[in-house]
Amino acid sequence: MDPRYHQLGAAQQANLPQQPDIPQQANIPQQPDIPQQPETALLSEAAQQEDILQFAETELQPDAPHPAKASIPPSPYMLRLQDHFPLYGSFSLLLALLSATCFFRNPHGLSYPLFIAAAYLSAWQIIKSLGFAGVWNKPAGSLLSWISARKAALFPPAAALLLALNTCFTASRIIHRFNNLAQILLSGFFLLYLCFNGPSFTIGKYIRSLAGLLLHALGALPLPLLHGRRFFRNVKSTRSRSLLMLLSGFLISLPVLFYLSLLLADADAVFRTILQNGLAELLHSSAIPDFFFLFLFSFLCCYCLMGSLCSGKIRTFSGKAEENEMENSQKNDPENGQKNVSENSPKSSRKNPLPAISFCTMLCFLYLFFCGIQVFYLFAGKGTLPQGMTYSAYARQGFFQLLAVALINLFLVLAILNFFRRHPVLTGCLTVISLCTGVLLGSSAFRMCLYVDAYGLTFLRLAVLWFLALTAVVLAGILLALFRKAFPLFSWCFVSASMAYCAFAWSIPDLQIARYNIAREGGFITTDNISYLLTSLSADAAPALAEAQIDDEVWGIPVALPQNRYHSTVILEKWQMLSCLQETPWYAEKGRGDFDIWLEATAENLRSWEPGIRTYNHSLAQARKLALEALNESKMQADPAQERSLFPFS
């Protein structure tokens, strides 16, 4: 027997129990003999202990994070925002100070467009500084080519500036609120477009992206504190110390600037007048807490929006399925060998169109039958109506139901286009539904026009007519998208809605409503329209009231005004009517129990009120001018007895 078998093995040397011999099977080939390794090749006890300790440190340590549970590293944009906190924090402080100065107790003044212009320029520079690619990589030669390459990014600032100018040209509170909402939608598109390389939005993707931007901004509320604490802990570099010293010098200069302004105001009357008109409310002691709250709110909004954009969590597409679909819809790439996958391919994420075809076919029969009735009975005026119903009553009923059905059809067509594959039969059904929706919109507009002709025009009725026209434009875009797959439907809807609303806001709706209602009465202010003119319209309607003649029955009748106005007023003079319009700042709040005292206080406020530089509003200034002219004219033409009864203060 080979003498190697008599040598002690590694198990015997370590005093471990030996394993029993396993008998060899006949069908298993025997392995060749393995030469015995020298004894020096065995692991020493110290090496084994070292391996055990290393395993315990790396694998069995309880504090070691599991690879699957490791936190997601911050995006490079967030790291840049964090490392350059003094720069972006200073940007936020300056914008917050500008916002508080412009909007403090001044929601519709001349400072509104100034802030909008400064905000868009600052956002442009901040996004570029953070390193977002966006539209910066697009080629730029001449000025026209530069504008053409960035026209989608330049449209929101242009529309926003146009609406900001409209805000200081109207006194309607409803228009102000709609303008603020439009500013949010425009700025959201502007930020998303610049930061994410100009994605091709759809309506649903834009709503999801904008909602994600605002929600992540709420989640970024702790960022100013976290980044500020990290910065002040690590203020060691020369650059950081320099920025900190600049910021401290800016803060120290504020009280010095305030004291020197007071001294200069005492030295020069013109400078004092400007300060009183522009900054009187800001320097009042009771206004300091409100001003500070507005400043803090503006700072958090600015910095948290930057944190939301830099978080890397906002996706302009809802998921990988849509991204894969976009990749599959691209043309063949001969260099990479990629194949084009059509939307009708089984690999496409869109669903089979057969259920949509059967569903839309049933709707087509219903809408075709209903539209035939609308054309025959409503538009043509033929046929026999139910017993006891006139054509006027038939035409006025059902407006809101038809409008609801038309809106449901629009969302239905958009959803089917998004979730189902294209098919010729499905395209034909959707075309029929869209055309029938157009008939429903026409029927709704016809009914509303009859209603306005019978009962007059209000803001809600005018807004509904505008909305119907906008819906018809959107419907035209959907029809084009049915036959052109590459049609930019979202851009069509976004630009159309923006331009339509700008036209609506700049038409000064309150002025047009007043002119229409006065024209219905032959150019007179009568007992039928005086109540709505004074209780529902803003100072924008002042030119129409100043031009109109007043019916004799109006003089001396009491008019119940809204709760924020005098509870009941007796119409005596035209200047009094102009002062009772909504949003007029010279309307007197005192003297509610005594009509003569209220009338005297309103006239004194009318004479003394002056629009400031910061709070200037063109509509209010024009209404005051017309009211002053009417006041002076009435006092000059009044006889002494009437003057004493109407103006006991003179």
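With a 1.4 Å probe and every protein chain left in place, tell me how much accessible area residue 615 has, in Å² to the nearest 10.
Here the residue's solvent-accessible area equals roughly 40 Å².
A 24 angstrom limit on the alpha carbon distance is what I want to check against. Which of 313/351; 313/485; 205/313 exceed it?
In this structure, 313/351; 313/485 lie more than 24 Å apart at Cα.
Determine, from the Cβ-Cβ distance of residue 296 and residue 272 and an R0 of 41 Å, the FRET efficiency 1/(1 + (r/R0)^6), rounded to the nearest 0.05.
According to the calculation, E is roughly 0.85.
Taking amide H atoms as placed 1.01 Å from N in the peptide plane, list the residues 5 or more away in sequence, or in a different chain, whose amide H sits under 5 Å from that of residue 550.
Residues meeting the amide H criterion: 525.
At 1.4 Å probe size, put 508, 127 in order of accessible surface, largest to smallest.
Working: 508 25, 127 5 Å².
Largest to smallest exposure gives the sequence 508, 127.
Full extension from residue 400 to residue 503: what is 0.36 nm times the residue separation minus their Cα-Cα distance, to one decimal in nm?
34.6 nm
Tell me, in nm to one decimal, what length is gained between residue 415 and residue 253 on full extension, where the rule is 0.36 nm per residue of separation less the Cα-Cα distance?
So the chain would gain 52.5 nm between residue 415 and residue 253.
Label residue 609 and residue 625 with points 7 Å out from Cα along Cα→Cβ: what is the distance between them in nm?
A separation of 1.6 nm, rounded to one decimal place.
Calculate the FRET efficiency for residue 118 and residue 369 from the Cβ-Cβ distance with a Förster distance of 51 Å, rounded to the nearest 0.05.
Between residue 118 and residue 369 the formula returns 0.35.
To the nearest 10 Å², what's residue 351's accessible area with a 1.4 Å probe?
It works out to around 120 Å².
Set the Förster distance to 22 Å, then compute FRET efficiency between residue 125 and residue 184 from the Cβ-Cβ distance, nearest 0.05. Don't jump to the answer; show the numbers that get you there.
On the way: r = 21 Å, r/R0 = 0.95.
That pair, residue 125 with residue 184, gives E of 0.60.
Report the accessible area of residue 453, computed with a 1.4 Å probe over the heavy atoms of all protein chains in place, in Å² rounded to the nearest 10.
Taking all protein chains as shown, residue 453 has close to 100 Å².
So between residue 597 and residue 466, what do we pick up on full extension, going 0.36 nm a residue minus the alpha carbon distance?
Full extension of this stretch gives 42.9 nm more.
Run through the range 458-528 and list the trypsin sites (Lys or Arg not before Pro) located in a DSSP loop whose Cβ has at most 14 other Cβ atoms within 10 Å.
Details: sites: 461, 484, 485, 515, 520; in loops: 484, 485.
Those satisfying the criteria are 484, 485.
The values are calculated or read from the model by the stated rules, or taken from the named source; none is laboratory data. Because the structure is predicted, anything quoted here is derived from the model rather than measured. Because the Cβ atoms are built from the backbone with ideal geometry, glycine has one as well, and the counts that use them run over all protein chains shown. SASA here: full protein model, heavy atoms, side chains in, ligands and nucleic acids out. Shrake-Rupley method; radii C 1.70, N 1.55, O 1.52, S 1.80 Å.
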